[in-house]
Amino acid sequence: MKIGIVLYPTFGGSGVVATELGKALAVKGHEIHFITYSQPVRLGSFRENIYYHEVSVSDYPLFDFQPYETVLTSKIVDVVKYEGLELLHVHYAIPHASAAYMAKEILKTQGIHIPFITTLHGTDITLVGKDPSFEPVITFCLNKSDAVTTVSESLKNDTYEHFATEREIHVIPNFIHVPNEFPIQDMEMRRKYALDEERIICHISNFRKVKRVEDVVTVFAKLNEEVPSKLLFAGDGPERSTAERLARELKICHRVIFVGKVRDTSPVLQISDLFILPSETESFGLAALEAMALGVPVISSNTGGIPEVNKHGYSGYLSNVGDVEDMAKNAQLIVEDITVLQRFKQQAWNHAQGFRIEQVLPLYETLYKEVLSIV
Ligand code: GMT
């Protein structure tokens, strides 16, 4: 199939999922055309069956706001027409689904039919919570998409709750490359950050408010009183300084390391013993799954789609949002005893097997075929 994937190219989970999906489809022989405004962070270099079309918006002094959606629409029209695409898969309703709908209508006037599938990643809904003026556009796009998918059951339920749509929504969970063998820690690297008897706790995110990074610091501080540990933060964003300030106040700076943004998070996870994800909300929690795939158990909140990813008492533990006492107690339960820690690491890796890319990819391919057969 010749498929156009429209995505946000940044460090966010939706961009990662869309890029990895395209890469995996390309390996299976599909021709993939990524359409976005800069090179997706996980795209890597020159690969067979992969094409990247950059959407560049000129800076017209006339406009206070540059019309990205319009330029994106024109780019989609061009790529569909001249590359002969059969299907569009857009990640995020705003503005990708609306641009795809508009492109579809333009192409219809030229005798070209192009169906589009919209995948919701969750932040579309947060957006509406913040600014209800998006609601009519998102509802319209959901109703006009040839198929809609969400990354969890929880997000599917939220979508029905927030939008006036009764259309069918397919749940296709996010996926991950899980190593075939249980991953071995990189001890040489680990020793650069911690003593062998210390535990390494980590958190990776875009440090938005929703990630509750101050809870990560508090949980870590409590745990560190019982089990000497180090805290590795990877990523960057608006709340980083909040976390830095709190670490200073709690006098644990010497135990907290901020490595900043990293393109590949696996080296961080490969030296970690525990991942903390205390988010206010999460449609899925891809970062937790990435940790589990590398044998790192997870302490998380029990909100949104996280319980569909992190299995309480098996791959880690779940607590109510903000219950830092419970999170610290659970963290201690996992890391205090090395035998228990090894068991949780193994279980986290076992649980990630259910999200292997090899299992999830066919669900998208079946949906693509279904959509194309209706045409
Ligand atoms: O969480 C973020 O800030 C990034 C965001 C995004 O739009 O990329 O992530 C969302 O999509 C990911 C991939 O499906 C999910 O794993 C995240 O849970 C989801 N974030 C939220 O729902 C807050």
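Read the figures in this text as sums done on the coordinates, not as results from a lab. Just so it is clear, the model here is predicted, and its values are computed rather than measured. Quick reminder, even Gly has a Cβ in these numbers, built from the backbone with ideal geometry, and neighbours come from all protein chains shown.
Would you please report the Å³ per residue occupied by the convex hull of the alpha carbon atoms in the chain?
Each residue corresponds to 148 Å³ of Cα convex hull volume.
At a threshold of 8 angstrom on Cα-Cα distance, excluding pairs fewer than six apart, so keeping six or more, what relative contact order does the chain reach in percent?
13
When M187, M327, M292, M1 are ordered from fewest to most other Cβ atoms inside 10 Å of their Cβ, what list results?
So the ranking, lowest neighbour count to highest, is M187, M1, M327, M292.
Using a Förster distance of 35 Å, how high is the FRET efficiency between H170 and Q110, based on the Cβ-Cβ distance and rounded to 0.05?
The value I calculate is 0.75.
Order these peptides, 331-344, 198-211, by their mean beta-carbon neighbour count within 10 angstrom, highest first.
Ranked from most to least packed, the peptides come out as 198-211, 331-344.
Using DSSP to call loops (not H, G, I, E or B), can you name the GluC sites (Glu not before Pro) in the range 1-100 whose Cβ has at most 14 other Cβ atoms within 10 angstrom?
E48
For every other residue with a beta carbon closer than 13 angstrom to the beta carbon of A288, add +1 if it is Lys or Arg and -1 if Asp or Glu, then tell me the sum. Walk me through the numbers on the way to the answer.
On the way: positive: K211, K311; negative: E282, E290, E308.
Combined, the nearby Lys, Arg, Asp and Glu give -1.
About its Cα centre, what dipole magnitude does the chain give when the only charges are +1 on Lys and Arg Cβ and -1 on Asp and Glu Cβ, stated in debye to the nearest 20?
The calculated dipole for the chain is roughly 520 debye.
In which sequence would H170, H121 go, from the one with the fewest C-beta neighbours within 10 Å to the one with the most?
Fewest to most other Cβ atoms nearby, the residues stand as H170, H121.
Please arrange D158, D236, D146 by how many other C-beta atoms lie within 10 Å of their C-beta, fewest to most.
By the 10 Å Cβ count, ascending, the order reads D236, D146, D158.
With respect to the cross-link table entries K2/K104; K230/K311; K108/K144; K230/K329; K251/K345; K261/K345, which display a Cα-Cα separation exceeding 19 Å?
From the list (K2/K104; K230/K311; K108/K144; K230/K329; K251/K345; K261/K345), the Cα-Cα distance tops 19 Å for K230/K311; K251/K345; K261/K345.
Go through the range 88-177 and name the trypsin sites (Lys or Arg not before Pro) that are in a DSSP coil and have 14 or fewer other Cβ atoms within 10 Å of their Cβ. Working shown, then result.
Details: sites: K104, K108, K130, K144, K156, R167; in loops: R167.
For trypsin sites (Lys or Arg not before Pro) across the range 88-177 that sit outside H, G, I, E and B with at most 14 neighbouring Cβ atoms in 10 Å, the list reads R167.
How about the range 1-89: which chymotrypsin sites (Phe, Trp or Tyr not before Pro) there are in a DSSP loop, with at most 11 other Cβ atoms within 10 Å of their Cβ? If you can, show how the numbers build up before the last one.
Values: sites: F11, F34, Y37, F46, Y51, Y52, F63, F65, Y68, Y82; in loops: F11, Y37, F46, F63, F65.
Passing both the DSSP loop test and the Cβ count: F46, F63, F65.
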